[in-house]
Structure formats: structure tokens, C-alpha cells
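A short write-up of the structure that comes next.
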Amino acid sequence: MSIFGSISDPAATFLLTGARVVDPSAGEDRVRDLAVVDGLLADPAALPADAPRIDASGFVATPGLCDLHTHLREPGLERAETIASGTRAAARGGFTTVCAMPNTDPPPDDSESVRWILDRAGGAASRVRVVAAATQGRGGEQPTNVVELAASGIVGVSDDGAAIGSGAVARELLAGLASLGLPLIEHAEDARTAQGSVMRAGPTATRLGLAGWPESAELSMVERDIALAEETGAWVHFTHLSTAGALEAIRRAKRRGIRVTCDVTPHHLALTDDWVAGWRGFAWEEPGGVAADPFGAPLDAALAYDPACRVNPPLASRGDAMALLAGVADGTIDAIATDHAPHPRERKGVEFGAAAPGMIGLETALSLGLAAVESGSLELVRLIEALSTKPASLIGETRSLAAGSVADLVVFDAGARWRLGASGLASTSSNTPLLGMELPGVVRMTVAGGRITYRDGLDARRLSPGCGTMRTAHPAASDGCRSARTRNSIRMRDQASGASSGRRSCSPASSSSSLSACSASTGRSGCWWCFSSSTWSCSSSSA
Amino acid sequence: MSWPGADAQAAGVWPHRHLLDVDQLTLAELEQCLDVAVEMRERRTRREALDLLRGEVVGLAFHEPSTRTRVSFELAAKALGAEVVDLRIEASSVSKGESLVDTLRTLEQTGVSTIVLRHPMSGAPYLAARSCGARIVNAGDGTHAHPTQALVDALTLREALGPLEGKKIAIVGDIGHSRVARSNMHSLTALGASVWLAGPRAWVAGFAGWPGVTVADRLEDALVDADAVMALRIQLEREAGDGAVASLREYTAEWGLDEARMSRARPGAPLLHPGPTNEGVEITAELAASKRSLIGTQVANGVPIRMAVLSLLAR
């Protein structure tokens, strides 16, 4: 059975015990139980006596993550990603909402194409919100009908991949958006200034002989749009901010009360332009690489010019990355957004300068954020705020772990490590320079809108009621609980049969393997609640 | 026969599979390359049979126009007894959109053991080295590196000046877009020389702070007491293209080399140029033809240096 559920599954009921609950919306950071009854967070006392119990001690539970910038590539570019695969990647990364950017073929530039995406995403593994094209065909010339698009439920418009090159077009768009309360989501890049460049200008670009993208390419566009936002009273959201100078301009604009918001990607926080030269340290680690000493070491043939490091905007200098981290920490940067940009192998297995820009990020965003937290560069609550509550609020969603709220949460093991491998990714593509690296933080469960959309690695010890009963009483459990409906009916019948609510443990039926082996071997094929497969039997225990 | 250069560094297997840039070579390896080239040149002059690559196939994959580099590699490979396959890009599947990796794998599968790659994109040889099993020799990639030209220049300078330790070498012109200059910065500083850069600000500013490298504000500062001067080719197609210079005429007026400007350097200081020259632009025709000019020697050193590289990689 799949480790993924969907947002159209039946609502879940369970008790999560002993988790460290971090909820920025309530200023909460404490260990407590979380009860979910029919998809709603509830008082544990209201939980049915035989509801599944999940021991989450040692894990962190936070509101579900919300990505403002995801490329799902469907329609038209399904070799890179689909709505189904992209939302599975989202769920695996702890995201319960993703905002699909309009870089598709064709781009969503009318209400019909927006509805097509929303219909397609009806049974996805995370909620999909749509960012429509700002101009017809993302051509930069003719603004889309934002009134009509707003009625179809979009969360903003953007020509992401390029800025609105014409100030007049941008102004016209903002004038239309002002009364709708929707943002122009701007990819801030002056195309002529950045023309021909493939990485960030600086010592590393000079060393590598690669054309460099100057800071002014971003700053000039940010300054223009701040002026337009002030003039029109409309909302401009700058996405994937990459330079300290542009951040400072936004900081000043916010102080003046201009309606601007911004996000930054995890890779612009954690990675630097030295990665293009083969350096593999995080921005907050000991400075090294080419920027520190152009003659310090020969380029590593295995890592230098890795096309996976080509992104747009390009990876920044260490100084920029640290300034951006500070911007997240002090709240100037509203959100961390992945800019998850999947590409098929043929678009990345080429010369650096010919490679399509972009890297995947849904499955690594939380880990990179946790790495920053581990380093002391960021507080956990601020990380969760930037990944969850704040971006959600920008698109009109709420995130809360208070009783009565819809259960929308992620459970992760902040201390665990995982090694990123291409074959283990839920995304169709694997274009990330993090492949092979060990990262902190493992998502154990994602619940979107009251439905479990992902669960993996929750040790059988962590679950109690029902597992033995399910296996013995319901053979369907042993063939993998193929559907949510089956799972639900099993649970319902378990309840009807009066299954014991005492603690149970799972053990191998025919061997004395360890419990960790149980978890490892059954996580992807066992029954929904106890994760044990047909080769494992579960028994009651008085412990 | 024994391997040339065996005396210079006792036995020893050459530790590198590819030559991607001179930055990967230690000082001893740099000197070994030059010593092997000298020995190759002498044996070639004596018309000794050098069959060190007999049975091997060297593929030339030049994705950019080239005359001297391409010819010198071809002559070097043949002088070592190798077969040479010349992948004529304009007539190959590359023109039909075949990727670089696919092209090189095809070459490898047809028995090519060493691929000499020139490519307009910086870093292409690094992609090649991790994508196919053949040995890769970088014959110039984008604006990044041209290691064999740097070895040619180092040999030419060493023979003109003696050991380069403590010598001042001025490099003049479009440094920023020059793969020759970058590789020379590595090799010359590794050999103990100090490198002075001079040219329009936009073309030199990025190199400020590089160890062993000084960015001069004025051409005169770079030239004064220079032991040797290296002029770079101005890419005519770039004229006024990136705004660094208003026109070639202005460039020549401010940065062009003639005998009068060269007089600031040490007496008889040699002039190098990787070619092809734009006479009357970066250097005068008279200077190019003067006694100072080692341009012809550079060309002549091209074959033995490439013989040294091909033979060392095959060890």
C-alpha cells in the first residue's frame, strides 16, 4: 500500500501522544497530546476509546507547511512532474498546501485553465492553489483578466520565470489587482541586466569563467515594483528573493507601510554560489570554497559545474545568504517557499550554461530549515512560522493546532538523519545538488485538512490499539489496505468488534528481528494504522 | 622505450586521468610536464620513433573553430603513434541536436581512449570527465581554462627567462573573457611568478585579491619592469558589446601595445600572444614581428607540450 493518502480520503481519527507541539499561531512550544476526531483537532477526552494511538514522543508536531511557489509542470511538462507526483512530494516534505506556479504549457491564463488544474488536483496528496499567469501566455505584453481569474479562486498572478518587463504593464496589472486583494507575485529580474548570465556575479563566477548575474538585476526590479505598489496601493509579493540589497529595499518599504511581502527559497538560505564550484558546505558553516581562496584547491571534476546548482535567481554569495537568514529571523522575509522546479534528465544532464534553471525542493525544504536551526542561525518557531502559518495567511488559509481547528499538521523527527537518494524521492525529477547528502529531519506524518496524506517510519511501537485485531480479523489488512475506504471500514469494524484498547506491540511472525526491522520492512506495505504487513503479527500486550 | 621525463621524476605513475585545468597540477607535476615536453621536442627533432600511444585512438572534438590548437593536438597524437579521429562537429550528429554527453559516449564506444575537447561553454570538460570513461583533455572551455596553452606559455617563458620564481609577468587585455589568462594565472603563480593584470576595469576587476595576482590601475604600472608581457586577443565581435570599451580605436589608444609602451618593461622583455592576433588592435604589426615577439615559439612549442600531456595521461 502507498505511504501516501489524499485530500479526498475519509477524515482521520487518532491520538498523537507526547509530541513537542510547536504552533506559532498560539506561541506554543510544549509537549502534549494531539487528538484528531473526524479530521478536527479535539480535546483528547473526546476521543473514542478505541481510537488509534500514535506515540510521537521525541517528535515535533507543527501546523502543516504551505508552499507559495511550486512548479507542478502539468499540463504540458509531465515528464518533469505531474500534479499527482508533485503533491506526493509535497506531502512527503510536510506540505499540506502548494501554490502551483503558471510555468506550464499552456500556462493558466484564463479561468477555464485554472479550473482544469483545480479539478485535476481534487484527489491529490496536498491542497493545490493556483497562481495564474499575469499576462496572456506569460508573454509579458497583454495582462490577463484578473477579475475573472480572481473569481476562479486563484491566490495571485505571476509571470514567474520572468518579471513583468514593462513597467506600464505591471502598473496596469497592479491597478486591476488593487481592489481584488490579490498580489502580483514578481520574479524580480531585469532581463537585460541579467542577460546571458548563468550564475551569481562574484569571485566564484570569475574563477569559473561563467557570466555573472549582478545584484542590480534584482534590486532595480524590486525598486520599480515598490514604487508601483506605493503608487497603486496594490500588493506586490517578491518571490525567491536572493540579494541583501533587495531585502534591504523591501525592509525600508515595509517600514513605510507599503504593501510588499516576500519569500526566499531554502536553497538561497543554505547554499551559496560556491556550490557551483563544487563546495558543499552550508552558508552558515566555516567559509570556504572558491570565494575564500580562488587558488585554494583545484576544481573537483565530480562536482564542479554541477547543472543541479543552476537556479534562477542564481545561488547567492555567503553574505547574501546570511543576510537572507537574518531576514527570515527578524520577519522581514514573510515566508520560505521552495521554488520546487523539477526538470527531466535531458534538461539537466548537459553543460552548466545549457541546463534549465531550477532545483526540486519540496522534499528537502524542512531539512534545510532544520539544518539552519541546528546551526543556531534560526529558531525553530520562526522556521515553522515562515514555512507554515505566515505563508498560509498570505493566501487566506489558517494554521492552528488549537482544539476545534481542522487537523492540518506535520509530524517530524527533527533529530533523525536521512540520506537523499534519487530513487527515494516522490518527485518525478531528482534535480538537486543535495543528492547523496545526509540531511536532518524526517517527516513521519502529514495531515492535510483532516486527512492523512503521508505517513512513513512511524515505528510499530508507537501505535497501539487495533493492530493485532486488524490483521487477524480483517484479511484485507494483509493485502495492503489498498484504499482509504478499506482502511476506514477496517477501523469501523474493529471498533464494532470491541477490539482491545490496551497497549499492543508488533513482533515478527517468523523471526526474532528487532522492532526497528519491523518498521523498516513494513512501512511501505503494511496496514494503515500499525504499518505491519502480512508477514508480521501483532499481539496484545499488557505493557 | 622508456617514458620521456622519467629522469625528471623517478618512475611514478601520472596521477591524473584527465587534464581539465592546470590548477590540478602540483608544482612538481607542472615542471614534469615542461621537462617531458622538452624531451619530446628533442626526440622529435632527432626523428626518433615515439610510439607511446600505439594502439590508442585520440578523438578530437572541437565544438569551436580552431587551427593551431587542433593541428598541434593532431600532430602530437600522430607523433606518439596514435590513430586520430577528428569529429567534424558541423558534419556530426551534434548539428542535429545530439548532446555533448551522447557524442562523447559514442566516441568512447568506438574505441577512442582520449578525447581532446574544445567547447564554447565553461565547464564542459568537467561534465565530460564525469560522464564518459575516456580520458579528457581540455583544449579550451568557454572563458574558463586552456591548460595546454598555459603549459605552452610556461615553457616558452621558462626557456626565455629561466626559472620564473620572482619574475613579473604582465597580462594585458580582455582578461575577464580569457581562458588563456585564467589558466596562466594558475600556472605562472604556481611557478613563482607574480602576475600583473591590465585592461579595461570591467575586464579585470573580478580578479582583485587573487593570491599572486595584482590588478593594475594603469597599463604603465603593469608594464614597468615587467620581465615578460602577454597580450590577449580582443574579440572583435565583443566590440562595444558589453560596454567595457566604447570602440576598438579607444581600446587601442588606451591599452594597445607598441614598442614605446613596451619600453617600460625590462630591456628585451619578451612578448607573448596566444593568437590569433589582431594586429593594430591589441599589438602593432611591428611589435608582433619584432625580436621581442615569441609568438612563433609559442606555436612551435604547441606540439611537444601536447605530446607531453597525451603521453603523461596515458601512463
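The values are calculated or read from the model by the stated rules, or taken from the named source; none is laboratory data. Quick caveat: nothing in here was measured; it's all calculated off a predicted structure. All Cβ positions, glycine included, derive from the backbone under ideal geometry; neighbour counts span all protein chains shown. With ligands, DNA and RNA removed, areas are computed over all heavy atoms of the protein, side chains included. Shrake-Rupley method; radii C 1.70, N 1.55, O 1.52, S 1.80 Å.
Checked against the criterion of being open to solvent by less than 10 Å² (accessible area, probe 1.4 Å) and within 14 Å of chain B (Cβ to nearest Cβ), the candidates A:VAL276, A:VAL236, A:VAL264 yield just one match: A:VAL276. You will find that of B:LEU20, B:LEU25, B:LEU34, the residue that is within 14 Å of chain A (Cβ to nearest Cβ), crowded, with 19+ Cβ neighbours inside 10 Å and either modelled with pLDDT under 95 or under 22 Å from B:LEU164 (Cβ atoms) (or both) is B:LEU25 and no other.
Every listed requirement among (1) open to solvent by less than 20 Å² (accessible area, probe 1.4 Å); (2) without any contact (Cβ under 8 Å) to a residue 24 or more places away in the chain is met by B:SER93 save one, (1). When the range B:228-255 is filtered for residues that are of a type in the set (Gly, Ala, Ser) and at pLDDT 95 or above, the ones remaining, listed by number, are B:ALA228, B:ALA231. Regarding A:ALA35, is this residue assigned to a loop (DSSP other than H, G, I, E, B), over 30 Å from A:ASP105 (Cβ atoms), open to solvent by less than 40 Å² (accessible area, probe 1.4 Å) and of a type in the set (A, V, I, L, M, F, W, C)? It is false that A:ALA35 is assigned to a loop (DSSP other than H, G, I, E, B), over 30 Å from A:ASP105 (Cβ atoms), open to solvent by less than 40 Å² (accessible area, probe 1.4 Å) and of a type in the set (A, V, I, L, M, F, W, C).
How many residues, within the range B:121-176, are more than 8 Å from chain A (Cβ to nearest Cβ), in a loop (DSSP other than H, G, I, E, B) and touching a residue at least 12 places away in the same chain (Cβ under 8 Å)? Matching residues across the range B:121-176 total 12.
For the structure I just gave you, tell me whether A:ALA283 is buried (at least 17 other Cβ atoms within 10 Å of the Cβ) and within 13 Å of chain B (Cβ to nearest Cβ). No.
Return the total of residues in the range A:290-312 being more than 10 Å from chain B (Cβ to nearest Cβ) and surrounded by 24 or more Cβ atoms within 10 Å (Cβ to Cβ). Of the residues in the range A:290-312, 4 are more than 10 Å from chain B (Cβ to nearest Cβ) and surrounded by 24 or more Cβ atoms within 10 Å (Cβ to Cβ). The residue list A:GLY209, A:GLY176 contains one member that is modelled with pLDDT of 95 or more and away from chain B (no Cβ under 14 Å), which is A:GLY176. Applying the set (1) more than 19 Å from the chain's Cα centre (by Cα); (2) of a type in the set (Phe, Trp, Tyr); (3) open to solvent by 10 Å² or more (accessible area, probe 1.4 Å) to B:TYR251 leaves exactly one unmet item: (3). Scanning the range B:197-228 for residues that are open to solvent by less than 30 Å² (accessible area, probe 1.4 Å), in a loop (DSSP other than H, G, I, E, B) and more than 11 Å from chain A (Cβ to nearest Cβ) gives B:GLY199, B:PRO200, B:ALA216, B:ALA226, B:ASP227. Would you pick out the residues in the range B:96-111 that are open to solvent by 70 Å² or more (accessible area, probe 1.4 Å) and either among the small types (Gly, Ala, Ser) or within 14 Å of chain A (Cβ to nearest Cβ) (or both)? Residues satisfying the conditions are B:ASP102, B:ARG105. Applying the set (1) at pLDDT 95 or above; (2) surrounded by 23 or more Cβ atoms within 10 Å (Cβ to Cβ) to A:VAL350 leaves exactly one unmet item: (2).
Within the set A:LEU219, A:LEU247, A:LEU241, the sole residue that is more than 25 Å from the chain's Cα centre (by Cα) and not polar (S, T, N, Q) turns out to be A:LEU219. Take the residues of the range A:116-149 that are assigned to a strand (DSSP E or B) and within 19 Å of the chain's Cα centre (by Cα): which is nearest to A:THR82 (Cα to Cα)? The residue in question is A:VAL128.
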